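S.K.: Here it is, the structure, as structure tokens.
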Amino acid sequence: MTPPTDSPVDEKKYWLDDKKNVKKIVWAVVIICAALFVADAFYHKHPYFGAEEWFGFYGLFGFIMCVGLVLGAKVMRLFLMRDEDYYDEAHKDGDE
Amino acid sequence: MVNPAYILILGALPIAFLGRPFRQAWLLAVPLVAFGMALGIDDGTYGQIQVFDYTLETLRMDGLARVFTFIFLIAAFLSNIYALHDDDPIQQVSGMIYAGSAVGAVLAGDLITLFVYWELTAISSVFLILARRTEQARRAAMRYLIIQVGSGVLLLAGALVHVAATDSIAFTHLGLESTAGKLIFLAFGIKCAFPLLHNWLQDAYPEATVGGTVMLSAFTTKLAVYSLARSYAGTEILITIGAIMTAFPIFYAVIENDLRRVLAYSLNNQLGFMVVGIGIGSELAINGTAAHAFTHILYKALLFMSMGAVLFRTGTCKGSELGGLYKTMPWTTGFCIVGAASISAFPLFSGFVSKSMILSALGHEGHWFVWAVLLFASAGVFHHSGIKIPYFAFFAHDSGLRPKEAPPSMLIAMGLTAFLCIGIGVYPAPLYAILPYAVDYHPYTTAHVINQLQLLMYSALAFTFLMLTKLYPPELKSTNLDTDWIYRRFLPCVIRCGGRVIVAIDQGARRGFLHLVSEIIRVVHRYSGIEGTFARTYPAGAMVFWAVGFLAIFLLMYLIG
């Protein structure tokens, strides 16, 4: 297998290798989100629930929930994370 | 007419005897023939077999069975193409029998036939894990087998109780009222990976072979979804169970390092959507469940295929060791992104046209809390399957790995699957046409498209925000404890500690008993031993002396008296 980290010197440069292009993608996401937020003013909603009528509900819900999800999962790591060979050790201990 | 299940199962047998080029052609031809056969089966019951007093219905075709039969056969065909590079007859034979028995179970019209195929899926599929040929895989395979066979035993017990109570073996609506209904519900629940019964899935699937995981992801759990839809449609508790299933595994998916295990968690989450649909039980909801099972099998297979290709080329599937693979595996990257977009339900991809049916059905019923949970889960799916999988495997930091692109057979399988994912998303009418009930549903309304895009893009924004602020938990080499801890650590420990207690009691009891015995021997020895009072020997003269002595006393007393 190829050696880790250092990529070959003469290797082709890819579009994403340039940090500037990564920034462009970030900005594209931000602009699309802003546009989608504004778009809420321009169509007729067919809500099942009251919350759906709030301006930009889906966007805000998605953002807050995802941040909550990741932070919640991070907290779970404190309790649940063990070494990669956690279960292998159990077998080394004895039985079988 | 021939049962498509027989074609696959009997078609599996010659594989071991065929030479390589014939074998490969055979592997592709058999599912196609079976699919052709399935296309021609009209609604009705066929293939009755009389066993004692009961009539087994080995082939019952109706709307619900048709969708699942079709998608199972398509999945068998695609995964056979995918696995062509890996010329391992054990996998090929067991995979084909596995697919055949899943189809047989879907077509079963009675509980006995269902039970036979139910167990056959368990036994045949375990070889897809064993074929990895590592110690870790062997252990996972044994755990998997025990749980799967356990589910079968519950099903059999339920079926027997059901027969005793109703004298019917029909595989139809059962409900939760009777004991039999509860037992069978539990049997289905294990295979469907209900919360707390789920962990066999995340334990075993990532340990299977590259092609084996793709097959496993398609059949077992969706067979359980089908069975639940057949027997427990409209059972209220399924809405709660399903909602927990959608939300609970995604937390694990965020922190899991093995990317195939991340996919196993997200598989669990997708099953939750289907289970909610079954719990609602309306025509729209059951249609949604069937449609979602159909699209889900395809995009989940596609995601497992792309991660399988990564595993095949780099030897690892761990997020902490991957990154930057898009440079040398552009096609795999592209196909993975199609799968990711489909599971995330982006408009124009397959998940969008199926998942929305379930959410709409939920809206009609007015379950606002469950609806909010499912919406959260939808955003979460995009977060961990839609972004995390492609991001950490193909982009993120450059791992320096420069593997070759996936082999042609894998690329063809991924290409076909990706084509179906997009095709269904763009033009869902053919899928809607084969659903169990007539469909009057339009996924592409302005509000729906915009709302879905808002949900997804803001999730992407959240991911970007968390990455830039370095709040996102890094991929770490780790094991996260899940319910399998109970039977991999806790119970063995209890047994070992319990064993120690039993050993102590046993040793104490033996020691006490030995002591008692030796004490008895000692006492007996004292009185009856060679020197003991009772065993002492006396010379014959002493006897005569005493006899004469007694006689003399007697005489004396006689004289005196």
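Values in this text are rule-based calculations from the coordinates and carry no lab data. Quantities reported herein were computed from a predicted structural model and do not represent experimental measurements. Don't worry about glycine lacking a Cβ; one is built from the backbone with ideal geometry, like all the others, and counts go over all protein chains shown.
S.K.: Enter the per residue convex hull volume of the stretch B:1-232, computed from alpha-carbon coordinates, in Å³ rounded to the nearest integer. Please report the intermediate quantities before stating the final value.
M.R.: Numbers: hull volume 26.0 nm³, N = 232.
Dividing the Cα hull volume of the stretch B:1-232 by its residues yields 112 Å³.
S.K.: Which three extents, in angstrom, do the Cα atoms of chain B have along their principal axes, listed largest first?
M.R.: 141, 63, 58
S.K.: Taking the number of other C-beta atoms within 10 Å as the exposure measure, put B:357, A:76, B:1, B:557 in order starting with the fewest. Please report the intermediate quantities before stating the final value.
M.R.: Details: B:357 26, A:76 17, B:1 12, B:557 9.
Placing the least packed residue first, the sequence is B:557, B:1, A:76, B:357.
S.K.: In addition: When Rg is the radius of gyration of the Cα atoms in the stretch B:479-533 and Rh is its Kirkwood radius, what does Rg/Rh come to? Write out the running numbers ahead of the final one.
M.R.: Values: Rg = 22.9 Å, Rh = 14.8 Å.
Taking Rh as the inverse mean 1/r over Cα pairs, Rg/Rh reads 1.55.
S.K.: Convex hull volume of the Cα atoms in the stretch B:233-482, per residue, in Å³? The partial results should precede the final answer.
M.R.: Values: hull volume 29.5 nm³, N = 250.
Taking the convex hull of the Cα positions in the stretch B:233-482, it is 118 Å³ per residue.
S.K.: Using only Cα atoms, tell me the angle between helix B:540-560 and the longest principal axis of chain B; keep it within 0 to 90° and round to the nearest 10.
M.R.: It is inclined by approximately 60 degrees.
S.K.: Now a separate question. Quick one: grab Rg to one decimal and Dmax as a whole number for the protein assembly as shown, Cα atoms only, in Å.
M.R.: Rg, Dmax (Cα atoms, Å): 33.7, 146.
S.K.: Follow-up question, since we're still on this one. Which is the longest part of chain B that has none of the trypsin sites (Lys or Arg not before Pro) sitting in a DSSP loop with at most 15 other Cβ atoms within 10 Å?
M.R.: Numbers: sites that count: B:133, B:404, B:470, B:477, B:536.
It runs B:134-403.
S.K.: Note the angle between two axes, namely the Cα long axis of helix B:220-232 and the longest principal axis of the Cα atoms of chain B, as a number of degrees from 0 to 90, rounded to the nearest 10.
M.R.: Relative to chain B, helix B:220-232 is tipped by roughly 90 degrees.
S.K.: What is the helix-to-structure angle for B:89-107, meaning the angle in degrees between its Cα long axis and the longest Cα principal axis of chain B, kept from 0 to 90 and rounded to the nearest 10?
M.R.: Helix B:89-107 and the main axis of chain B meet at about 80 degrees.
S.K.: I need the semi-axes of the equivalent ellipsoid of the stretch B:254-357: take the C-alpha gyration tensor, multiply each eigenvalue by 5, square-root it, list largest first in whole angstrom. Mind dumping the intermediate values first?
M.R.: Numbers: eigenvalues 169, 41, 17 Å².
Equivalent-ellipsoid dimensions as semi-axes: 29, 14, 9 Å.
S.K.: Dipole of chain B (Lys/Arg Cβ +1, Asp/Glu Cβ -1, origin at the Cα centre): which of B:54, B:546, B:376 lies farthest to the positive side?
M.R.: The listed residue farthest towards the positive side: B:546.
S.K.: Across bins of 10 angstrom width beginning at 0, how are the C-alpha pair distances of the stretch B:1-51 distributed, in whole percent?
M.R.: All Cα pairs considered, the percentages come to 23, 44, 24, 9, 0.
S.K.: For the charge dipole of the stretch B:1-232, defined by +1 on Lys and Arg C-beta atoms and -1 on Asp and Glu C-beta atoms about the Cα centroid, which residue among B:93, B:171, B:10 has the Cα displaced farthest towards the positive pole?
M.R.: Result: B:93, furthest along the dipole toward the positive end.
S.K.: Then there's this: Size of the stretch A:16-93 along its principal axes in angstrom, Cα-based, largest extent first?
M.R.: 65, 42, 16
S.K.: Quick one: if the Förster radius is 22 Å, what FRET efficiency do residue A:21 and residue B:320 give, using the C-beta to C-beta distance and rounding to 0.05? Please list the in-between numbers first.
M.R.: Working: r = 25 Å, r/R0 = 1.13.
Efficiency, rounded to the nearest 0.05: 0.30.
S.K.: Can you give the FRET efficiency for residue A:49 and residue B:49, using 1/(1 + (r/R0)^6), R0 = 60 Å, r = Cβ-Cβ distance, to the nearest 0.05? Write out the running numbers ahead of the final one.
M.R.: Details: r = 51 Å, r/R0 = 0.85.
E(calc), rounded to 0.05, equals 0.75.
S.K.: On the Cα set of the stretch B:376-505, report Rg and Dmax in Å, please.
M.R.: Radius of gyration, then largest Cα-Cα span, for the stretch B:376-505: 23.5, 74 Å.
S.K.: Where does the stretch B:114-230 land on Rg(C-alpha)/(2.2 N^0.38 Å)? Please list the in-between numbers first.
M.R.: Working: Rg = 14.8 Å, N = 117, 2.2 N^0.38 = 13.4 Å.
It is 1.10.
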